[in-house]
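**Q** Structure provided below as structure tokens; questions to follow.
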């Protein structure tokens, strides 16, 4: 089972849209949304889709709290504004099953501006050559 962990803080404007796209892909998996003290409708929206826990504000603190609550043997950390391609969940399972200890998705930024393509290429280079991933692309890791 994959535990999908999403730290959130005042994400009401995008959360419903992103979770409605994600949840159909999570059959048999766990969704944990970690709220860092939102003052908008984020917790109410999140409760419609998965388990919501509270943690001290901060992406690392919230991610760690989600990992501590997770039951899955694979942890997938996403940002609230991310969209996964169809088949991404199966790709994570395959990567771990063939021996990878973790990884990330290639980042794609919505829009046509040439600067977006440059940012994407720089992020891809950083991941492939330096082994450093941006959380914006989604990061997964198998439990040891």
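Only the coordinates and a few stated rules stand behind these numbers; no lab work does. What you are looking at is a predicted structure, and each value in this text was computed from that prediction instead of being measured. Note: ideal-geometry Cβ built from the backbone for every residue, glycine included; neighbour counts use all protein chains shown.
**Q** In a GNM of the chain with a 10 Å cut-off on Cα contacts, which of 113, 29, 79 has the highest mean-square fluctuation?
**A** Fluctuation is largest for 113.
**Q** Report the residue, chosen from 129, 71, 117, that carries the largest GNM mean-square fluctuation when the chain is represented by alpha-carbon nodes joined by springs under 10 Å.
**A** Looking only at 129, 71, 117, the biggest GNM fluctuation is shown by 129.
**Q** Report the FRET efficiency, 1/(1 + (r/R0)^6), for residue 124 and residue 81, where r is their Cβ-Cβ distance and R0 is 22 Å, rounded to 0.05.
**A** Rounded to the nearest 0.05, the efficiency is 0.70.
**Q** Counting each DSSP H run of 4 or more residues in the chain as -39500 (n - 2.57), what helix-only mean residue ellipticity at 222 nm follows after dividing by all residues, to the nearest 500 deg cm²/dmol?
**A** For the chain, the value works out to -10000 deg cm²/dmol.
**Q** Next up: For residue 69 and residue 57 in one chain, what is 0.36 nm times their gap in residues minus the Cα-Cα distance, to one decimal in nm?
**A** Full extension from residue 69 to residue 57 adds 2.7 nm.
**Q** Another question about this same structure. Want the number for residue 116 to residue 98: 0.36 nm per residue separation, take away the alpha-carbon distance, what's left?
**A** 3.2 nm
**Q** Over the Cα atoms of the chain, each weighted equally, I'd like the Debye log10 I(q)/I(0) at q = 0.09, 0.10, 0.19, 0.20 Å⁻¹, rounded to two decimals.
**A** -0.27, -0.33, -1.19, -1.29
**Q** Also, I was wondering about something else. Could you tell me the calculated FRET efficiency between residue 90 and residue 40, based on Cβ-Cβ distance and R0 = 30 angstrom, to the nearest 0.05?
**A** For residue 90 and residue 40, the calculated efficiency is 0.35.
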